[in-house]
Amino acid sequence: MSFQIAIDGPAGAGKSTIAKLVAKKKGYIYVDTGAMYRAMALFMIRKNIDGNDEEAVGKECAGADIGIAYRDGEQVVLLDGENVNSIIRTEEVGNMASLTAKNPRVRERLVILQKELASRNNVVMDGRDIGTVVLPDADVKIYLTASVEVRAKRRYDEIISKGEKADLQVIEEDIRLRDKQDMEREVSPLRKAEDAIEVDSSYLTIEEVTDRILSLCDGKGNT
C-alpha cells in the first residue's frame with residue numbers, strides 16, 4: 001500500500017517548499033495540487049473567462065488539457081502540452097485560482113486525478129482540502145499555517161528577489177481576501193482536519209518544520 005502525507009494550509013504558509021523537501025528526503029512523489037488549480041486558472045485567463053461566472057468556468061474546464069510529468073521526483077504541470085510551472089505563480093493567476101477552485105466541476109475533475117496518483121504511489125500532497133477531501137485516510141496529516149503578516153512578507157521578499165516591484169500592504173490585503181474566500185467557499189473549504197497536526201511556521205526554519213513532519217512519519221512506523 002502507498003504511504004500518504006497530506007499538508008493543508010492557507011496561501012503563503014510554505015506548504016510547497018516543505019512538501020518538496022519532505023518528498024525529496026522520503027523519496028516520494030510530490031504532488032502540488034495548488035499548481036494544478038493554478039494551471040486551470042491560467043487556462044481560464046487565456047480564454048478570457050470571468051472567474052465569477054460559474055457556468056462558464058464549469059463549461060470551459062472540460063476543455064483544459066492538464067497533464068503531470070515528474071522530473072527528479074518533482075511535479076511539472078503541463079497545460080495543453082506546455083510546461084507552465086514558471087507562469088502559474090503570478091498574483092493574477094493566484095487570485096483567479098481562488099475563484100475557479102470553488103467551482104464543483106473544476107474540483108471534481110482535478111480531485112479524481114489526485115486520488116489516482118495517491119493510490120499508485122507514495123506521495124506528499126499539499127493544498128487546501130487534502131486531509132479533508134482528497135486523502136481523508138492519509139497516514140500523516142499536517143495543517144501548516146503562519147500569521148498573515150509573515151506570509152505577506154515572504155511573498156514580498158520572493159517578488160523583490162526576482163527584481164520585480166511589490167507593495168507589502170497590497171500583498172497582505174490580497175492574502176486576507178484569499179483566506180476569506182478559501183475558508184468560506186461552499187465546496188471543500190479550507191479547514192483543519194480533525195486528526196491533523198497543526199504546525200505554525202511563523203518562527204520556525206524550513207529545516208525545523210521538515211524535521212517535525214519527518215518525525216511524525218517515523219511515529220507512524222514509516223522510516
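The values are calculated or read from the model by the stated rules, or taken from the named source; none is laboratory data. Every value quoted in this text rests on a predicted model; they were computed, and no experiment measured them. We place every Cβ from the backbone using ideal geometry, glycine too, and count neighbours over all the protein chains shown.
Can you tell me how many residues within the stretch 169-196 are among the hydrophobic types (A, V, I, L, M, F, W, C) and over 18 Å from E92 (Cβ atoms)?
Of the residues in the stretch 169-196, the ones among the hydrophobic types (A, V, I, L, M, F, W, C) are 170-171, 175, 177, 183, 187, 190, 193, 196.
If we keep only those that are over 18 Å from E92 (Cβ atoms) too, we end up with 183, 187, 190, 193, 196.
So the count comes out to 5.
Looking for whichever is crowded, with 20+ Cβ neighbours inside 10 Å and in contact with a Phe, Trp or Tyr (Cβ under 7 Å, 6 or more places away or on another chain) here; the options are A196, A152, A138. Which one fits? First the steps, then the outcome.
Numbers: A152 fails: in contact with a Phe, Trp or Tyr (Cβ under 7 Å, 6 or more places away or on another chain); A138 fails: in contact with a Phe, Trp or Tyr (Cβ under 7 Å, 6 or more places away or on another chain).
From the options A196, A152, A138, the qualifying one is A196.
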Considering the stretch 174-214 alone, what residues qualify as being farther than 13 Å from R128 by Cβ, of a type in the set (S, T, N, Q) and either in a loop (DSSP other than H, G, I, E, B) or at pLDDT below 95 (or both)?
-> S201, S202, T205
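Here's the yes/no breakdown for (1) closer than 27 Å to E172 by Cβ; (2) surrounded by fewer than 16 Cβ atoms within 10 Å (Cβ to Cβ); (3) in contact with a Leu (Cβ under 8 Å, 6 or more places away or on another chain):
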{"residue": "I68", "(1), (2), (3)": "no, no, yes"}
{"residue": "R71", "(1), (2), (3)": "no, yes, no"}
{"residue": "R109", "(1), (2), (3)": "no, no, no"}
{"residue": "E116", "(1), (2), (3)": "no, yes, no"}
{"residue": "I130", "(1), (2), (3)": "yes, no, no"}
Is it the case that some residue within the stretch 90-101 is crowded, with 18+ Cβ neighbours inside 10 Å, in a helix (DSSP H, G or I) and without any contact (Cβ under 8 Å) to a residue 40 or more places away in the chain?
-> no
Only one of S2, S86 is over 30 Å from D195 (Cβ atoms), outside any helix (DSSP H, G or I) and among the hydroxyl-bearing types (S, T, Y), namely S86
